[in-house]
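The structure under discussion appears below in the form of structure tokens.
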Amino acid sequence: MLNGSVTFMLRALVASLILGALWHVLAAAQIYGKAWIAQTLLEKAWNQTLTGPSQVKPWPWADFWPVAKLTMLRLDVEQIVLAGDSGNVLAFAPGYNEASAKIGEIGISLVGGHRDTHFRFLEDLVTGDELIIQTSTAQIIYVVERTEVVDERDYFVPAALDLNSDTLASGNDAQLILSTCYPFDALVPSSSRFIVLAKQKRSTEKND
Amino acid sequence: MKLSSQGVLFAPIFISESDADKEWLPDRRELSLQRKRARRREWCTAIVLFVLWSLADSVLAGVEPTSLEGQHSAAPAYRSLWLKTPDGNEVRDTLSLSTDISMNISGPILRATVKQRFRNPTTQWLEGVYSYPLPEQAAVDQLRMHVGERVIEGQIHEHNKAQKIFDKARKAGKRSTMLKLDRVNRFTTQVTNIGPGEDIVVEFSYQQVLDYRVPGYALRFPIVSTPSYTPPPSQRGPNHVMPVNAYRQEGSLPGNPVSIDINLNAGFPIESVRSASHRVKTDKLSDTHYRIVLDGSAAASNKDFLLRWDLKPSSEPMVRILRQDVQGESYGLLMVMPQQSENVGIDRSRRELIMVQDVSGSMQGESIRQARSALLQTISQLNENDFFNLIFFNNQSWKLFPDAVRASQNNIRLARSALINQQADGGTEIFPALELALQSTAKSERLRQIVFVTDGAVSNEDNLFSLIRSKLGESRLFTVGVGSAPNSYFMRNAAQIGRGTFTYVSRPNQVGRKIGALMQSLNSPALTDLTLTLDAQNLNVLPDPLPDVYAGEPIYAYFKADRFPSQAELRGNIASVPSWLSVPLDEAEQFEGVAVAWAREKLAGLLDRYRYEAKQSDNLPTQESLRDEITSLALKHHQVSRFTSLVAVDVTPARTEEAISKRRLPANLPKGWKGHEGIRLAKTATPMVADFFTALGLFFLAALVLWALRLWAAQRVKTNDSGQLPC
């Protein structure tokens, strides 16, 4: 019967559409879930790192470890930062690029994070905001100087400065760049990046 | 309910007033507890919020187009973070530079004079720093600083001493220039105390011995330097040097105009002269003598200058002997083009061809296309007796086949598709790739030829050289440089240490010819175990030992003796068959610069040994004595080297009270280069939102279909009611 088979096919279509939709919901939830659950698991490894041992892997098969904790009080953000900023790391947490300057040292430290998850909050940062980064040895307070939208293809961050070489006026500050993809609501990846430039709060201002 | 949304996940619209309140600074522990509770709550409402957030955002986006983009579109032309003055102002290229190059070529030797004009259009006192590459065989031996009408001759000093002289002059407000070796073939000119509105011209000379390969000479002058990938600190050698230039943003007009004027005296009749890179004007003065001028200047200082001149074919073996006598010592340069052996091939069944391709980010664009077609061409010339394998690398390296395989139809098809599908991305870690290629297999009786295709954008050359030296064994390394500005210092030396050859492909339409010639080298037996015998006392012959010579290449030998010899005898083996050649030296031409050429070759050898010794860090006395030897040789021959620099100081102080600021001059980026020096920003987009919208769309479609189905069913019931019989 013709009507019967058409109905069947339409029902099958509805079923497959719903299945497809569910699959995409799961995919989205996985990205969100991974990012969210990982932070809890990383917390443990981070607390261990604070007590002495370095390179504590959050789970046995992980190929990364926590190096810092990023706190932004106003936006109630507290995130563990991992070593490295490759894709497999960023799925779990923001990543510190190890070729950039050491956190708290003269030069520019670079931390990247996903725009949809961890670093969504970057768009709410304004000049003057304070970012606290805790490493296993120190706590550094950075003050946001400005935000900027750049093209990944022609923007680059200098590698950790070689202090022995004849380095030129790059300032004597510890600087921090947080980077994420831009626009925040884009559906497809683009080459634009939203960056937050911050400078270490001067020690004289610490008592304020 | 307080939506203290963890901000990270749910952006602006959910942030309540109290969160934004700066006064609110609770105890950290309490904060963390609060946060945990909030998190739990939040996870429960996550899906709901997610829907709301997405909808709200899309609605907002529709109403109010994002204004951020416009705000940032007026970006500055140069965006290098370290281009700053001490007071924090961003600096554009306030100091400008133009370069005039004149070259004098006689046979295989080229002498060039480079004039760099530093112009200061500002009202401040400035100091300029410019780092630039020179051909990798270049020996810099002269420096002059022009201040107005006066010319100050540069002196060669041990580097630390030169630096002290320069610093003292800077403090005293004297105009001064220092020229130093930055990294192997990269030099830095530093000019200080350039007054407001003033011009200072720095002039230096260098010499090099040119490459000959049948049928002619090739000259390459690197106008730009490839920004090199800097490996993470753990993989940097002890002598790693950080790059100095600020690079011009891609898309901005290249500045730093360059002019080139060449006086070419080939010594043999010239067949043709052409440049594959730039438009040139050629003037034929005689059969052997041409003048070549770069047509237009500023237009294209973003790619290397190339010039080729082919010689008329001749049945005579080509021999050139140059001589110079300095202070009781005789220096000589002997160039011999051996006659080509006819159609003797190597035993292909005992040969293993390992092709290595760089697929790192620096290869993006033109370079990867050239590399790909070079290797496709190589593969197409394999026959069934050949064994081959393919290795790719960026910051990782991987083999196509676990072990070398026969070039069967099927294997070739696999290799071709692997080559075609490989995209360029990531960093350049040559070390593990070389290690993988040099890894000896069980079948060690095979002749392993490694064809290594890269732009050589690396800065840890020394580490790589010692790797090749220690692991080479019976393998031979042939490097192929692609792109508009490959690091040919690295590739030439890697090939030399690897006892192979270096091929440079500058344009896609050269691939066929260049790779064809390379394959001919690979398939013909080399002239090996070369020795040169001369009838003279206190003889020093370079290079030591003489390298293998491949089909189509000449033999170059440099020597120094008490008295110029009258007879030279070359002996070697071609495919294990001994052969020899005797050359009378009576007719040697007198030529200025032979001593410099010898010294340059000697220094290169000593530096190689120094680098090697520096690796075995326990042998300090040997290092010290090598260092002393290099320094005294460089001082004697007035050459800039790793341990010696040229410095010129004006006698009269120019600046008395005013402050000085230091500028880096932006260098032009090579043509086709997409990446930049420094660290690139990570990829930070996820398909989460896209996934979510796709899901939403699919749900909507499903609902639509379901709705249509119901409507249709209802319709059918209706029609059934109107009298028809149910089926």
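Just so you know, all these numbers are worked out from the coordinates, no wet-lab data involved. For clarity, every value in this text was computed on a predicted model and none was experimentally measured. Glycine also receives a Cβ, built like all others from the backbone with ideal geometry; neighbour counts cover every protein chain displayed.
For chain A, modelled as a GNM with alpha-carbon contacts under 10 angstrom, which of A:71, A:180, A:51 fluctuates the most?
Answer for the Gaussian network model of chain A: A:51.
Using the 2.2 N^0.38 Å rule of thumb for compact globular proteins, work out how segment A:1-100 stacks up: its C-alpha Rg over that value, please.
Normalised Rg, Cα atoms only: 1.70.
Shielding by partners for A:7-14, please: the mean number of other protein chain Cβ atoms within 10 Å of each residue's Cβ.
Partner-chain Cβ atoms within 10 Å, mean over residues of A:7-14: 3.
I'd like to compare B:108-114, B:647-653, B:189-195: which one has the highest average count of other Cβ atoms within 10 Å, and what's the full order after that?
B:189-195, B:108-114, B:647-653
Decide, for segment B:348-523, between rounded, prolate and oblate: order the square roots of the alpha carbon gyration tensor eigenvalues as a ≥ b ≥ c, take rounded if a/c falls under 1.5, and otherwise choose prolate if a/b is larger than b/c, else oblate.
rounded
Taking θ = phi - 60°, what integer Hz values does the Karplus form 6.51 cos²θ - 1.76 cosθ + 1.60 yield along segment A:34-48, in sequence order, with x for Gly and Pro?
4, 4, 7, 5, 4, 4, 5, 5, 5, 3, 5, 4, 5, 4, 5
What are the residues whose amide H is under 5 Å from the amide H of residue B:407, where those residues sit 5 or more places off or on another chain and H is modelled from the backbone?
B:386, B:388
How much net charge surrounds residue B:650 when only other residues with a Cβ under 10 Å from its Cβ are counted (Lys, Arg +1; Asp, Glu -1)?
Local net charge: +3.
Peptides A:98-104, B:536-542: what's the order by average Cβ count within 10 Å, highest mean first?
A:98-104, B:536-542
Using only alpha carbon positions, build the gyration tensor of segment A:2-207, then give the equivalent ellipsoid semi-axes as the square roots of 5 times its eigenvalues, largest first, whole angstrom.
Equivalent ellipsoid semi-axes, largest first: 40, 20, 15 Å.
Which ³J(HN,Hα) values in Hz, rounded to whole numbers, follow from the phi angles of segment B:384-396 under the Karplus curve 6.51 cos²θ - 1.76 cosθ + 1.60, where θ = phi - 60° and Gly and Pro get x?
Ordered by residue, 3J(HN,Hα) equals 5, 7, 6, 9, 8, 8, 10, 10, 10, 8, 10, 8, 10 Hz.
Quick check: net charge around residue B:411, other residues with Cβ under 11 Å of its Cβ, Lys/Arg +1 and Asp/Glu -1?
+1
With a cut-off of at most 15 other beta carbons within 10 Å, and DSSP calling the residue loop, which trypsin sites (Lys or Arg not before Pro) in segment B:540-629 qualify? Please list them.
Listed in order of number, the matching sites are B:563.
Within 10 Å of each Cβ in A:109-122, how many Cβ atoms from other chains are there, averaged over the peptide?
Going residue by residue through A:109-122 and averaging, the value is 5.
Which of rounded, prolate or oblate describes segment B:568-635 when judged by the alpha-carbon gyration tensor and an a/c cut-off of 1.5?
The shape class here is oblate.
Averaged over its residues, how many other protein chain Cβ atoms are within 10 Å of peptide A:142-152's Cβ atoms?
Mean shielding by partner chains, rounded to a whole number: 3.
Charges on Cβ only, +1 for Lys and Arg, -1 for Asp and Glu, centred on the Cα centroid of segment B:499-590; of B:577, B:549, B:566, which one is farthest towards the dipole's positive end?
Highest projection toward the positive end goes to B:549.
What's the ranking of B:168-174, B:372-378, B:469-475, B:712-718 by average number of surrounding C-beta atoms within 10 Å, highest first?
B:372-378, B:168-174, B:469-475, B:712-718
Using amide H atoms built in the peptide plane, which far-off residues or other-chain residues are under 5 Å from residue B:503 H to H?
Here B:479, B:480, B:481 satisfy the definition.
How would segment B:501-630 be classified by its alpha-carbon gyration tensor: rounded, prolate or oblate, with rounded meaning a/c under 1.5 and the a/b versus b/c comparison settling the rest?
The shape class here is oblate.
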